[in-house]
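Engineer: What follows is a structure written as structure tokens; I'll ask about it next.
The values are calculated or read from the model by the stated rules, or taken from the named source; none is laboratory data. Predicted model only: the values in this text are computed from it and were never measured. Cβ placement follows ideal geometry from the backbone for every residue including glycine, while neighbour counts extend to all protein chains displayed. Note: accessible area is taken over every heavy atom of the protein model, side chains too, but ligands, DNA and RNA are not part of it. Shrake-Rupley method; radii C 1.70, N 1.55, O 1.52, S 1.80 Å.
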Amino acid sequence: MLEHTKKPLTDAGSVFLGVVCQQATLKEVKAVLEAKGCTIREEKPALPPVEERNWLTPEEVFPHFHAGDKIIGLRYRENMTQKQLAEKAGISVQNLSHIEHGRRSIGKEMAKRLAKVLNTDWRLLLE
């Protein structure tokens with residue numbers, strides 16, 4: 001039979017945990033960790049220079065990507081035209097076109113209306 005160890009397996013130092021998940025799940029993870037007595041400190045790690053990495057961030061690959069691009073992709077996924085989406089969301093085709101081309105920003109209420117029609121989470125459109 002194995003003997004119990006007399007010293008803890010880890011000291012009381014810091015443990016860094018990288019979590020990539022949806023916002024709702026992140027809240028649940030934080031709640032569990034805080035309930036266990038952990039201190040949560042959110043930091044965005046500094047990236048090494050591009051020359052030292054064998055990967056790129058989405059922002060580096062698509063520097064001009066905006067919420068309108070997401071709407072275009074979601075609209076194609078749902079097999080909808082601009083006119084169909086605009087009618088179902090209760091906005092003008094011109095307004096939708098301006099949003100899709102990045103000439104107009106999306107507010108919270110507009111994101112909710114579009115997301116409902118596009119079957120997605122409205123917060124995705126505000127990122």
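Engineer: Which of the residues spanning the stretch 36-55 are surrounded by 12 or more Cβ atoms within 10 Å (Cβ to Cβ) and more than 19 Å from the chain's Cα centre (by Cα)?
Structural biologist: Listed by number, the list holds a single entry, CYS38.
Engineer: When both residues are 6+ apart or on different chains and their Cβ atoms are under 6 Å apart, which pairs have a first residue that lies in the stretch 55-77 and is touching a residue at least 12 places away in the same chain (Cβ under 8 Å), and a second that is open to solvent by 100 Å² or more (accessible area, probe 1.4 Å) and not charged (D, E, K, R)?
Structural biologist: Correct list of pairs: GLY68/HIS101.
Engineer: If LEU17 passes every condition in (1) modelled with pLDDT of 80 or more; (2) within 23 Å of the chain's Cα centre (by Cα); (3) open to solvent by 100 Å² or more (accessible area, probe 1.4 Å) but one, which one does it miss?
Structural biologist: Here LEU17 clears every test but (1).
Engineer: May I pose another question? May I ask you to list the residues in the stretch 86-115 that are among the charged types (D, E, K, R), assigned to a loop (DSSP other than H, G, I, E, B) and under 11 Å from ALA67 (Cβ atoms)?
Structural biologist: Answer for the stretch 86-115, where residues must be among the charged types (D, E, K, R), assigned to a loop (DSSP other than H, G, I, E, B) and under 11 Å from ALA67 (Cβ atoms): just ARG104.
Yes or no, residue by residue, for (1) open to solvent by 90 Å² or more (accessible area, probe 1.4 Å); (2) in contact with a Leu (Cβ under 8 Å, 6 or more places away or on another chain):
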{"residue": "THR57", "(1), (2)": "no, yes"}
{"residue": "GLN82", "(1), (2)": "no, yes"}
{"residue": "LYS88", "(1), (2)": "yes, no"}
{"residue": "SER97", "(1), (2)": "no, no"}
{"residue": "ARG104", "(1), (2)": "yes, no"}
{"residue": "LEU125", "(1), (2)": "no, yes"}
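Engineer: Looking only at the stretch 60-80, which residues are open to solvent by 100 Å² or more (accessible area, probe 1.4 Å) and either closer than 16 Å to LEU126 by Cβ or among the basic types (Lys, Arg) (or both)?
Structural biologist: Residues satisfying the conditions are PHE65, ARG77.
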